[in-house]
Amino acid sequence: MNTIIYFNNRNGVTYENINNLFTISALWDSSNHNTYEKLVGSFSVIQKLVGAAYVKASNSAVALDVTGITSIEGGGTLKTTLFTGDGTYVNGAFSNRWEVETYGLNTEKTM
């Protein structure tokens, strides 16, 4: 997906068992509720570049849920995405197969 903006969404998007998942310029407005993006199952590559997630605790907002990932073969990248607001930015933890470099989250890089 490339350049998509979500407003007033209550169900979010679930990505499940996708070989190569690439998202670019996804914006989640603060009018959204619950979990915005959920990753489930096995992936070869996950790449999320550019975008923003405005999360509000009053909307039970969770920007990204990675608890359902069972494996990432090639690795995951999360870069240049803004995480802001008083909701939950990430549910779960990134494995050592991830490289994270984005506003609002701790930078994580594999060596």
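The numbers here are math on the coordinates, done by the rules we state, and not lab data. Quick caveat, the model's predicted, so the values are computed rather than measured. Virtual Cβ from ideal backbone geometry, glycine too; neighbours counted across all protein chains shown.
The protection proxy used here, the mean number of other Cβ atoms lying within 10 Å of each residue, ranks peptides 68-74, 99-105 as follows, highest first: 99-105, 68-74. Annotation: extensible slack from Asp29 through Asn9 equals 6.3 nm (criterion: 0.36 nm per residue apart, minus Cα-Cα distance).
Residues whose amide H comes within less than 5 Å of that of Gly68, counting only those at least five positions distant or on another chain, are Leu39 (H built at 1.01 Å from N in the peptide plane). Over all pairs of different C-alpha atoms, the range 62-111 has a mean inverse distance whose reciprocal, the Kirkwood radius, equals 11.5 Å. The mean sequence separation of alpha-carbon pairs under 8 Å and at least six residues apart, normalised by the residue count of the chain, gives a relative contact order of 22 percent. Extension gain for Thr84-Lys109 works out to 6.9 nm (0.36 nm per residue, less the C-alpha to C-alpha distance).
When Rg and Dmax of the Cα atoms in Å is calculated for this entry, the matching label among (i) 15.4, 56; (ii) 14.1, 43; (iii) 12.9, 40 is (iii). By the rule of a C-alpha distance below 20 Å, with chain neighbours fewer than 8 residues away ignored, the lysines paired with Lys109 are Lys48, Lys79.
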